[in-house]
Amino acid sequence: MANRGGRREHQDFAAYGRAVGAVVGHQNAWQERIGAIEVPAEEEEDDLDASPVFYYLNDNGGMDTFTNFHRVVVEEIWRQVDPIMVAERRRGPRPLTTTMDHLLFYLTWLKTGTGYDVIATTFKISETRLEDCLNRVRPALHTALRSRWWDNRRRPVRRDNAVSPLVALIVDGHTTPICQPKLPYEDAKAFWDGKNKIYGLKTEIAIAARSPHYCLFTCPAVPASNHDYELHREIYRQYVPYLRMTPEEMIRNQAQAEFSYWQIMGDKGYVGQADDTHPIERVVPKKGLLNEAERQRNILINRERVVVEQYLGRLCRLWSTMGRGWRWDHGHFDMDFEIACMLTNEHITTTVLDDDDATFYQQLLESFEAEHLARKAKRTAAARNSRHLRKVRRATMLGVRVARDHVDSD
């Protein structure tokens, strides 16, 4: 598994960085040319010609490596973000860093999960300037993507061949790893995810039950010790307006007034009292002793809901900040997580989810437990060695020879 900083994730990052740096080094001439022109912000938008980094990445095959997207997609996102950035710009000389530069810096950081210092060195800018660029583009990018994906969400459609034709959303929890909090033990253990053996921030995502399975909702992050079902009970009301059937949908589905809501599907972690999420009905596997029909129903439910694991696999594969470890200010985590989900939606428009994504996600979760066991074994070995050294010191004082304690090979 790659380390939490994501350095192994892109071994060619430094090589590209040296090449890009050579180009960025020539950006001063561009900056002098455009910085000398005072243009009111509302009158003129940025031009791609002012971003040689964009053209260099595109011409040298680095666009996918740094951003996960082809040039056409990056340009499309830029066209949505640029007017927002321009509208927020103050009067005076044009900024030295263009909107496209801001966007490329942000996508590079979100994808690689690399520290600010490494990215700043790669693009030949100061770490402070890089962080300032990320902070400026973050809300503009969020606004642009939200307008495209979540301000007018796709309506559900009945799926007659499904376990339950009225399921509109498939939900699941996701824990993003974080470093061990520097807090008192009782406070820090609130962030411990006992299932995945990591400290983290937990969020719930809801994806569309019908293809292409875009992410339609997320929730603010909570400490990872919160159970998926408890979190769902707290936030399910945000789904209610979307899941309420329109009059046309009620007619098409022949729904009665008391059953005028689309359903939600989850795994066994979402089993609970039916009225816990009233008026929304949850379609979940059954627990306990089951007959053959109930076992088959559980199999079909698990088969349908695998798409949410595929989505989480794609999310973590594309954006190392969300899969490998979050090492930055928790204050902007929620916005960055939403951006990552909406950018994953963009990626799905051209590359559909598949079994490889689900496999990646399962391997990622298994790697967390493997790392935990390795750390535990290391602590055990260190404690055993410490005990032996204490014995040796006491024996030395008494003039007695002590044999070395047996140490297991594992």
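Condition check: under 17 Å from the mean Cα position of the chain (by Cα) and β-branched (Val, Ile, Thr). Does residue 176 satisfy that?
Details: under 17 Å from the mean Cα position of the chain (by Cα): yes; β-branched (Val, Ile, Thr): yes.
So residue 176 fits the description; yes.
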> Picking from 333, 368, which residue would you name as being under 30 Å from residue 81 (Cβ atoms) and among the aromatic types (Phe, Trp, Tyr)?
Replying inline: 333
>> Which numbered condition in (1) without any contact (Cβ under 8 Å) to a residue 24 or more places away in the chain; (2) within 30 Å of residue 374 (Cβ to Cβ); (3) not polar (S, T, N, Q) is the only one that residue 192 fails?
In response: (1)
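Can you pull out the residues in segment 256-270 that are outside any strand (DSSP E or B) and either in contact (Cβ under 8 Å) with a residue 40 or more places away in the chain or buried (at least 18 other Cβ atoms within 10 Å of the Cβ) (or both)?
The first filter runs over segment 256-270 and keeps only residues outside any strand (DSSP E or B), leaving 256-260, 262, 266-270.
Residues satisfying the conditions are 262, 266, 267, 269, 270.
Which residue, of 201, 183, is assigned by TED's automatic domain parsing to the domain that holds residue 253 and touching a helix residue (DSSP H, G or I) at 6+ places or on another chain (Cβ under 7 Å)?
Values: 183 fails: touching a helix residue (DSSP H, G or I) at 6+ places or on another chain (Cβ under 7 Å).
Just one listed residue meets the conditions, 201.
Tell me whether segment 290-303 contains one or more residues that are closer than 30 Å to residue 326 by Cα and within 25 Å of the chain's Cα centre (by Cα). Before you say what the answer is, go through the steps one by one.
Of the residues in segment 290-303, the ones closer than 30 Å to residue 326 by Cα are 302.
Filter again for within 25 Å of the chain's Cα centre (by Cα), leaving 302.
The answer is yes, given that some residue of segment 290-303 is closer than 30 Å to residue 326 by Cα and within 25 Å of the chain's Cα centre (by Cα).
So if I check each of 127, 131, which one is without any contact (Cβ under 8 Å) to a residue 40 or more places away in the chain and under 22 Å from the mean Cα position of the chain (by Cα)? Can you show your working first?
On the way: 127 fails: under 22 Å from the mean Cα position of the chain (by Cα).
Checking each option against the conditions leaves just 131.
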> Residues of segment 271-291 being buried (at least 20 other Cβ atoms within 10 Å of the Cβ) and touching a Ser or Thr at 6+ places or on another chain (Cβ under 9 Å), which ones?
Replying inline: 283
>> Could you check segment 122-157 and list, in sequence order, the residues that are buried (at least 17 other Cβ atoms within 10 Å of the Cβ) and more than 19 Å from residue 103 (Cβ to Cβ)?
In response: 150, 156
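What do you reckon, is residue 12 at pLDDT below 90 and surrounded by fewer than 17 Cβ atoms within 10 Å (Cβ to Cβ)?
yes
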>> Please go through (1) more than 22 Å from residue 179 (Cα to Cα); (2) under 10 Å from the mean Cα position of the chain (by Cα); (3) without any contact (Cβ under 8 Å) to a residue 60 or more places away in the chain for residue 316 and return the number of the only condition it doesn't satisfy.
In response: (1)
>> Considering only residues that are free of Cβ contacts under 8 Å to residues at least 24 places away in the same chain, farther than 18 Å from residue 338 by Cβ and aliphatic (A, V, I, L, M), which ones fall in segment 203-248?
In response: 245
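Looking at this structure, is residue 254 at positive phi and of a type in the set (S, T, N, Q)?
Numbers: at positive phi: yes; of a type in the set (S, T, N, Q): yes.
Answer is yes for this residue.
Restricting attention to segment 272-286, which residues are touching a Lys or Arg at 6+ places or on another chain (Cβ under 6 Å) and part of a loop (DSSP other than H, G, I, E, B)? Quick ask: steps written out before the conclusion?
Taking segment 272-286 first, the residues touching a Lys or Arg at 6+ places or on another chain (Cβ under 6 Å) are 276, 285.
285 - this is the single residue of segment 272-286 that is touching a Lys or Arg at 6+ places or on another chain (Cβ under 6 Å) and part of a loop (DSSP other than H, G, I, E, B).
The values are calculated or read from the model by the stated rules, or taken from the named source; none is laboratory data. Source: prediction; values computed, not measured. Here the Cβ is made from the backbone with ideal geometry for all residues, glycine too, and neighbour counts use every protein chain on show.
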